[in-house]
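Everything below concerns the one structure shown next.
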Amino acid sequence: MKRRTVYLETSVIGYASSLPSRDLVAAARQRITRDWFANHAEAFDLYVSQLVIDEIAAGDKTAAGRRIDVIESVPVLALTGAAARLAGVLVSSGAIPPTAAEDALHIAVAAVHGIDYILTWNCRHIANAVLRPDIERACRKAGFEAPVICTPEELINDNEG
């Protein structure tokens, strides 16, 4: 059986590597994300894009170093012309707002490369149930299948039961 593929969006890497938060929601997401990496990531082939690398390298150098350590051995998907065009379609169709063009590019890179899942905590523009049908429709219309968009809490491959 073919192993499933996962595109790690920037927010997941941030939660996996950040210092413990005092905010209850952020702390829960950190714990869930770290659990996912410790107990479930090995069931999937993981990928990032250069966009993810650029985003995690920004800001505080110490924090950026921790983020980069999370993905040090993760293969990088190319930011192709097809991905740029699909990102444009996602924005022009209204599936993703123009202010979130980089989020559209995350989705597009994963779709163009045939990735099965996008793992994200970005519930505003990516893992958003209201936007999901429009995202899927725009990808299909452009000739691509949209990846399943989910949070680490949802992407569990537990065959024990």
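The values are calculated or read from the model by the stated rules, or taken from the named source; none is laboratory data. In this text, all values refer to a predicted model and were calculated from it rather than measured experimentally. Quick reminder, even Gly has a Cβ in these numbers, built from the backbone with ideal geometry, and neighbours come from all protein chains shown.
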Is one or more of the residues making up the stretch 91-99 small (Gly, Ala, Ser), part of a helix (DSSP H, G or I), touching a Leu at 6+ places or on another chain (Cβ under 7 Å) and at pLDDT 95 or above? no
Odd one out for Gln30, checked against (1) in contact with a Phe, Trp or Tyr (Cβ under 7 Å, 6 or more places away or on another chain); (2) at positive phi: (2)
Just checking, how many residues over the stretch 42-68 are assigned to a helix (DSSP H, G or I) and either more than 19 Å from Glu153 (Cα to Cα) or without any contact (Cβ under 8 Å) to a residue 12 or more places away in the chain (or both)? 17
Quick one: in the stretch 58-111, which of the residues that are touching a Cys at 6+ places or on another chain (Cβ under 9 Å) and under 17 Å from Leu8 (Cα atoms) is surrounded by the fewest Cβ atoms within 10 Å (Cβ to Cβ)? Ala111
Please go through the stretch 109-161 and pick out each residue that is assigned to a helix (DSSP H, G or I) and either among the aliphatic types (A, V, I, L, M) or touching a residue at least 12 places away in the same chain (Cβ under 8 Å) (or both). Val109, Ala110, Ala111, Val112, Arg132, Asp134, Ile135, Arg137, Ala138, Cys139, Lys141
Before we move on, is Leu79 touching a residue at least 24 places away in the same chain (Cβ under 8 Å) and assigned to a helix (DSSP H, G or I)? no
